[in-house]
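A quick write-up on the structure given underneath.
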Amino acid sequence: MKPKITQIVDKVTSYFVPAIFLISIVAMIIWYFFAPVPKATFLITIGISVLVIACPCALGLATPMSVLSGISRAAKMGIFIRNGDALQVSSKISHVVFDKTGTITKGKPSITEFEIYTSKYNYNEIIELISSLENNSDHPISLAFKDENKGKPLPISNFKNHVGFGISGEINHKTYYVGSDFLLKKLLVDKEKMKIKTSHNVYLFHENHLLASFLVSDMVREESYDTVKALKKMGIKSILLTGDQLLTAKKVARQVGIDEVYAEVKPQEKQDKVIEMQQKGYTLAMIGDGINDAPALAQADVSFAMGSGSDVALTSSDIIILNTNLTSIPKAIKLSKLTIRNIKQNLIGSFFYNSIGLIIATGIFYPFFHYLLSPIIASLAMALSSVTVIFNALRLRFMKIYKQ
């Protein structure tokens, strides 16, 4: 997709070219009455010089060359930008919305606490049941149980993914559910009455009977704090948007320096929350890595996905962080600002160059200096303007982007 600025330049050029032809003809008509002999040579020189020096080659190269250099530089930094429009919109970002699991955190969770509420199953049997169900899930939390299980997964039938709540399936003709706090509320379980620790965030049910609860936690990425700090220096506010418990979300937000937190948000509500923020006038970037993030990623003005994320998240995103390093986000935004600045430099320079060249080529100074611009000099000047634009665009490949 072409950046909007390119579309504007294309439209301007579509008017610019006919205007140049018109100016060339008008200049020849005017000089017909004042030109020295031989008139034909003088008029042809004027007409050709105007057409050659005002050729909008540099104007046409200004945007695509800068965009190409910007995208190429991003690729070297481990950032894949799908289109030029994403590069332009990124320069206007006012707020960055982060998902928690797998984005702010490493996406390698582990079981740190558990409680069993039945005597029919021991810890290993509980883990075996959960990991068998989670074996069909690609949610990062499932990794904690898969890694904990030492045996083979049990056969599952009628597996279902209840988006925002958890998963379920039949094992040995019994239906089990594994899910979040939303599942507790759906099954009308009172957490306080059951004396379940408020920090626990994963639960196993057989039908409506609670069998076990777990605290599954994930380590925060080392670069998360530096990323939020860099964005803050750029005047960009960071927001945490997650389906996790409020206590867990606030704890993670404090660790990385995020002030605004939206927790216990269901997947289908994430998109609504993004729309709500856009209605406030925010230009939003969304960063996520899971299937649950896909609708919000598609809704955001610019979407980033971690390279290690799900296929759905990668498909829904505009920019992919291939190196899975969060500091690439402020780098990408900084690069987009430099690219847009470079485009403006090229456009202003090209327009100014063409305007001055056009004035000289029409012979306006001939009565004072008796000098007429030669078509050969005009062609050299036109080529020089294109070369200048290209070299200016190539500077993006060597500019200092962002120092961590």
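Points worth noting:
- Yes/no for residue 68 being buried (at least 22 other Cβ atoms within 10 Å of the Cβ), more than 30 Å from residue 142 (Cβ to Cβ) and either free of Cβ contacts under 8 Å to residues at least 12 places away in the same chain or of a type in the set (A, V, I, L, M) (or both): no
- The one condition from (1) of a type outside the set (A, V, I, L, M); (2) surrounded by 14 or more Cβ atoms within 10 Å (Cβ to Cβ); (3) in contact with a strand residue (DSSP E or B) (Cβ under 9 Å, 6 or more places away or on another chain); (4) closer than 18 Å to residue 99 by Cβ that residue 259 does not meet is (2).
- Residue count for the range 236-279, restricted to those that are β-branched (Val, Ile, Thr) and closer than 17 Å to residue 219 by Cα: 5
- Check on residue 305, of a type in the set (A, V, I, L, M, F, W, C), modelled with pLDDT under 90 and either farther than 22 Å from residue 81 by Cβ or out of contact with any strand residue (DSSP E or B) (no Cβ under 6 Å at 6 or more places or on another chain) (or both): no
- First in the range 387-404 and modelled with pLDDT of 85 or more, second anywhere and among the charged types (D, E, K, R) and surrounded by fewer than 16 Cβ atoms within 10 Å (Cβ to Cβ), Cβ under 9 Å, 6 or more apart: 397/76
- Reported count of residues in the range 22-50, each being modelled with pLDDT under 90 and assigned to a helix (DSSP H, G or I), is 1.
- Scanning the range 55-111 for residues that are basic (Lys, Arg), in contact with a helix residue (DSSP H, G or I) (Cβ under 7 Å, 6 or more places away or on another chain) and assigned to a helix (DSSP H, G or I) yields 73, 100.
- Screening the candidates 319, 291 for the property of being aliphatic (A, V, I, L, M) and surrounded by fewer than 23 Cβ atoms within 10 Å (Cβ to Cβ) yields one hit, 291.
- Listed conditions (1) at pLDDT 85 or above; (2) buried (at least 20 other Cβ atoms within 10 Å of the Cβ); (3) of a type in the set (A, V, I, L, M, F, W, C) are all met by residue 165, apart from (1).
- Residue count for the range 133-173 under the criterion of being assigned to a loop (DSSP other than H, G, I, E, B), of a type outside the set (Gly, Ala, Ser) and under 21 Å from residue 289 (Cα atoms): the result is 8.
- Selection within the range 252-282 - out of contact with any Gly (no Cβ under 9 Å at 6 or more places or on another chain), part of a loop (DSSP other than H, G, I, E, B) and not basic (Lys, Arg): 257, 258, 259, 281, 282
- One residue alone among 161, 172 is within 18 Å of residue 141 (Cα to Cα) and not assigned by TED's automatic domain parsing to the domain that holds residue 292, and that residue is 161.
- Residues in the range 112-132 that are part of a helix (DSSP H, G or I) and either among the polar types (S, T, N, Q) or modelled with pLDDT under 90 (or both): 124, 131, 132.
The values are calculated or read from the model by the stated rules, or taken from the named source; none is laboratory data. As the structure is a prediction and not an experimental result, all values here were calculated from the model. Every residue, glycine among them, receives a Cβ derived from its backbone with ideal geometry; neighbour counts consider all protein chains shown.
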